[in-house]
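Trainee: Once you've had a glance at the structure underneath, I'll fire off some questions.
The values are calculated or read from the model by the stated rules, or taken from the named source; none is laboratory data. Quick caveat, the model's predicted, so the values are computed rather than measured. Glycine also receives a Cβ, built like all others from the backbone with ideal geometry; neighbour counts cover every protein chain displayed. Ligands, DNA and RNA are stripped out before the accessible areas are found, and what is left, the full protein with its side chains, is counted by its heavy atoms. Shrake-Rupley method; radii C 1.70, N 1.55, O 1.52, S 1.80 Å.
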Amino acid sequence: MKSDSVRVQFLIRIAVGLAAAALIAWASAAHGLRFVDLISFSRRARELGEGRAPNDGLYPLGYPALLALGHTLGAAVFPWAKVISGLAGLGLVAGVGRRHGGAAAIWLLMQVPLLQWASTEGTDLLAAALSLGAILSVQRPVLAGAMLGAACTVRWTAAAWIPALWLATAPGDRRRALLAALVGTAPHWVACAWCGAWVLPNQDLNLMIAAGPGAPPPGGSRWLDTLTRIPVGLGRALPHALPDLPSRAGAAMLGIAVLLPVHDKAGRGDRRIAAALILGALLHLLALAAVFANPRLALPVTLAALLGAGALVRTLAAQSRRIGWIGVAGLLLAAGVVGWGSLPTRRAPTKEEATLTRLTDAFGEAGGAPQGEAVMSNSPWAHTEFEGWIVPAVHLGGLYVTPRTTPSDLAKIADDAGLTMLVLDPARGRRDLAGLRELFDAKAPEVYGWSRRSASSWRIWVRLPAAKVPPTR
C-alpha cells in the first residue's frame with residue numbers, strides 16, 4: 001500500500017514537471033531579447049572567456065562565467081541564457097512540488113512573475129530560484145548551502161538569504177550548510193582567479209542612483225543617508241514586492257503557517273522553513289527600500305510570498321487530512337482561475353521586443369549589421385551579433401558626444417574610435433544630441449561624411465569614404 005502511494009506521488013511529480021517544462025517553453029518561444037542587461041552580460045562573459053579583468057563589482061562573475069561556459073560548448077549567448085532561465089523556473093517549481101506538493105507547484109507555475117521571468121533571459125529568476133530552493137532543501141543541508149552560495153555568485157543580493165538559511169536548517173546541520181554555502185561561491189572566485197583580479201561587491205553606482213542627482217561621493221555619510229531612506233523606501237518597495245492579490249494572500253498565508261501550532265518534528269521543520277521565507281523576504285525588502293525597487297529586483301520577495309499558499313496547505317494537511325484535501329482542491333481551483341486570466345498574456349510581445357524587431361528590419365534595409373564590429377548608438381538596446389556573442393553598441397555618451405557635437409564632429413570621433421556605423425533611435429535623447437538633428441531627421445541621403453542606409457523607425461548611417469566627404473560648411 002505504501003509503495004503504491006509512493007508510486008502515485010512519483011507519477012504526479014513527473015506529470016507536473018512535464019507540464020511545467022511545456023508551459024515555460026511555450027511562453028519562452030514567443031519572445032526575443034527583452035532584458036537589456038543581457039547585452040552587457042554578454043560583453044562581460046566574452047571578456048571573462050578571454051581572461052580579461054572585469055570592470056566593476058556591481059555583479060558577481062557566476063552568471064558571466066555560466067554564459068562563457070555555454071559559449072565554449074557551442075551555444076549562442078541569447079538562447080543559452082533563455083535555457084538557463086527556463087531551467088531555473090522549472091527547478092523552482094519542482095522544488096516546491098517536492099516540499100509542498102503538486103498543487104502548490106501548479107499554483108506557482110500559473111503565476112505571472114514566475115512565467116514571465118522563466119521565459120526571460122537574465123540573472124533574476126536564477127538567483128531567486130537558487131535562494132528559495134536552498135530554503136526548501138534544508139533537509140539536505142550541504143545541497144541547500146551549495147545552492148545559496150551559487151545564488152550569491154549570480155547576484156550579491158542573495159546574501160540576504162544567509163540568515164534565512166541558518167534559521168531554516170536544523171541546529172545540528174547549520175555549520176555544514178554555511179560551509180557548503182561558502183564552497184558554493186567557488187564559481188565567482190574561480191572566475192576571479194582566471195582573469196587575475198579580485199571582484200568584491202561594489203554598490204556605489206546603485207547608491208548614487210538612489211541618492212539622486214547632485215549626491216555627494218561615496219563615504220560614511222552616504223551609508224547613513226541610505227539607512228534613513230529605509231522607512232520611506234519600504235512604502236515604495238512593497239507594491240513591487242506584493243504586486244497582486246495572489247502574492248498578498250500568499251504573504252498572509254505564510255504568516256498563518258508560522259503561527260499555527262505544530263506537535264511533531266516534521267511540523268517544526270515546516271514552521272522553520274516558513275519563518276525563514278519570511279525572514280529572507282524581509283531582509284531582501286529592506287535592502288530594496290534602502291536603494292530602489294522594481295518588480296524585477298523584488299522577484300525573490302514576490303516568489304517567497306507565493307509559496308505561502310503551499311506552506312499553509314501542508315501545515316493544515318498535517319493536522320487534518322480532510323482539511324488538507326480541501327486546501328489542495330482550493331489551491332488547484334485558484335491556480336486555474338489565475339492561469340485563465342494570465343496565460344493568454346504571456347506570449348504578447350513587449351514594447352522593447354517590437355523596437356528590436358524594427359531594428360532588425362532597419363539592419364536588413366541597410367544591407368546587414370556589421371560582422372564582428374560594434375556600432376555607435378544612443379540606445380542601450382542597439383547591438384549586433386558575432387559568433388554567438390551579443391556585441392553591445394558603443395554609446396554616444398561614452399564617446400563624449402554633447403549637444404554641440406555636429407555630424408562632422410561625430411565623423412571624426414567615429415574615425416578615431418575605428419567605428420563605421422551609427423544607429424540612432426529617433427525617439428530617444430534628441431535634446432541631449434541636438435547638434436545631430438540632421439542625422440535624426442534623416443531627410444538627406446548624405447550628411448557631412450555620413451551616408452544614410454535606413455530612415456525607418458531607426459536611423460542607420462555609415463561613414464563615407466574620405467574622397468566623398470563634402471567640405472564642412
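Trainee: Which pairs turn up if I take residues in region 263-274 that are closer than 20 Å to A304 by Cβ and look for partners that are open to solvent by 60 Å² or more (accessible area, probe 1.4 Å) and modelled with pLDDT of 90 or more with beta carbon separation below 7 Å, at least 6 apart in sequence or on another chain?
Mentor: Matching pairs, first to second residue: D270/R314.
Trainee: Go through region 117-173 and give me each residue that's of a type in the set (K, R) and under 21 Å from the mean Cα position of the chain (by Cα). Walk me through it before giving the result.
Mentor: Just the residues of region 117-173 that are of a type in the set (K, R), to begin with: 140, 155.
Passing the criteria: only R155.
Trainee: Would you check if G397 is open to solvent by less than 50 Å² (accessible area, probe 1.4 Å), in contact with a helix residue (DSSP H, G or I) (Cβ under 7 Å, 6 or more places away or on another chain) and not aliphatic (A, V, I, L, M)?
Mentor: no
Trainee: Any residue that is assigned to a helix (DSSP H, G or I), touching a residue at least 12 places away in the same chain (Cβ under 8 Å), of a type outside the set (S, T, N, Q) and out of contact with any Asp or Glu (no Cβ under 8 Å at 6 or more places or on another chain) - is there at least one of those in region 318-326?
Mentor: No, the conditions are met nowhere in region 318-326.
Trainee: Something else about it: Any chance you could count how many residues in region 179-195 are more than 21 Å from L67 (Cα to Cα) and crowded, with 19+ Cβ neighbours inside 10 Å? Lay out the reasoning, then the answer.
Mentor: Let us first name the residues in region 179-195 that are more than 21 Å from L67 (Cα to Cα), namely 179-182.
Applying the additional criterion that residues be crowded, with 19+ Cβ neighbours inside 10 Å yields 180-181.
Here the count works out to 2.
Trainee: Let me ask something else. Based on this model, can you work out whether E352 counts as touching a Lys or Arg at 6+ places or on another chain (Cβ under 7 Å) and at pLDDT below 90?
Mentor: Yes: the conditions hold for E352.
Trainee: Test each condition in (1) of a type in the set (G, A, S); (2) without any contact (Cβ under 8 Å) to a residue 12 or more places away in the chain; (3) in contact with a Phe, Trp or Tyr (Cβ under 7 Å, 6 or more places away or on another chain) for A444 and report the one that comes out false.
Mentor: (3)
Trainee: Considering only region 83-103, I want to know if a residue exists there that is β-branched (V, I, T), over 17 Å from A22 (Cα atoms), surrounded by 23 or more Cβ atoms within 10 Å (Cβ to Cβ) and in contact with a Phe, Trp or Tyr (Cβ under 8 Å, 6 or more places away or on another chain).
Mentor: no
Trainee: Also, quick follow-up: Assess whether V338 counts as being at pLDDT 90 or above, crowded, with 16+ Cβ neighbours inside 10 Å, among the β-branched types (V, I, T) and out of contact with any Ser or Thr (no Cβ under 8 Å at 6 or more places or on another chain).
Mentor: On the way: at pLDDT 90 or above: yes; crowded, with 16+ Cβ neighbours inside 10 Å: yes; among the β-branched types (V, I, T): yes; out of contact with any Ser or Thr (no Cβ under 8 Å at 6 or more places or on another chain): yes.
So V338 passes the test.
Trainee: In region 35-82, how many residues are assigned to a loop (DSSP other than H, G, I, E, B), open to solvent by less than 50 Å² (accessible area, probe 1.4 Å) and within 29 Å of T355 (Cβ to Cβ)? Give the derivation first.
Mentor: Pass one, region 35-82, residues assigned to a loop (DSSP other than H, G, I, E, B): 35-36, 50-61, 73-76.
Checking the rest, the ones that are also open to solvent by less than 50 Å² (accessible area, probe 1.4 Å) come to 35-36, 51, 54, 57-61, 75-76.
Remaining after also requiring within 29 Å of T355 (Cβ to Cβ): 35-36, 54, 58-59, 75-76.
The total comes to 7.
Trainee: Another one. Can you find, within region 412-441, the residue that is farthest from the chain's Cα centre (by Cα) among those that are of a type in the set (G, A, S) and open to solvent by 10 Å² or more (accessible area, probe 1.4 Å)?
Mentor: Applying the filter and picking the extreme gives G435.
Trainee: Of the residues that make up region 359-376, is at least one in contact (Cβ under 8 Å) with a residue 40 or more places away in the chain, out of contact with any helix residue (DSSP H, G or I) (no Cβ under 8 Å at 6 or more places or on another chain), among the β-branched types (V, I, T) and open to solvent by 20 Å² or more (accessible area, probe 1.4 Å)?
Mentor: No, because not a single residue in region 359-376 is in contact (Cβ under 8 Å) with a residue 40 or more places away in the chain, out of contact with any helix residue (DSSP H, G or I) (no Cβ under 8 Å at 6 or more places or on another chain), among the β-branched types (V, I, T) and open to solvent by 20 Å² or more (accessible area, probe 1.4 Å).
Trainee: Which ones in region 287-316 are part of a helix (DSSP H, G or I), open to solvent by 30 Å² or more (accessible area, probe 1.4 Å) and touching a residue at least 60 places away in the same chain (Cβ under 8 Å)? So that I can check it myself, show each step before the final result.
Mentor: If we filter region 287-316 for residues that are part of a helix (DSSP H, G or I), which is where we start, we get 287-290, 299-306, 308-316.
In the following step, the residues that additionally are open to solvent by 30 Å² or more (accessible area, probe 1.4 Å) were identified as 287, 314, 316.
The answer is A287, R314.
Trainee: Among the residues of region 380-390, which ones are open to solvent by less than 20 Å² (accessible area, probe 1.4 Å) and either of a type in the set (A, V, I, L, M, F, W, C) or at pLDDT 95 or above (or both)? Don't jump to the end; show me each part of the working.
Mentor: Looking only at region 380-390, we keep the residues that are open to solvent by less than 20 Å² (accessible area, probe 1.4 Å), and these are 382, 384, 390.
Listed by number, the residues that qualify are A382, I390.
Trainee: Please find, within region 52-89, the residue that is modelled with the lowest pLDDT out of those that are touching a helix residue (DSSP H, G or I) at 6+ places or on another chain (Cβ under 7 Å), more than 17 Å from T120 (Cβ to Cβ) and among the aliphatic types (A, V, I, L, M).
Mentor: A53
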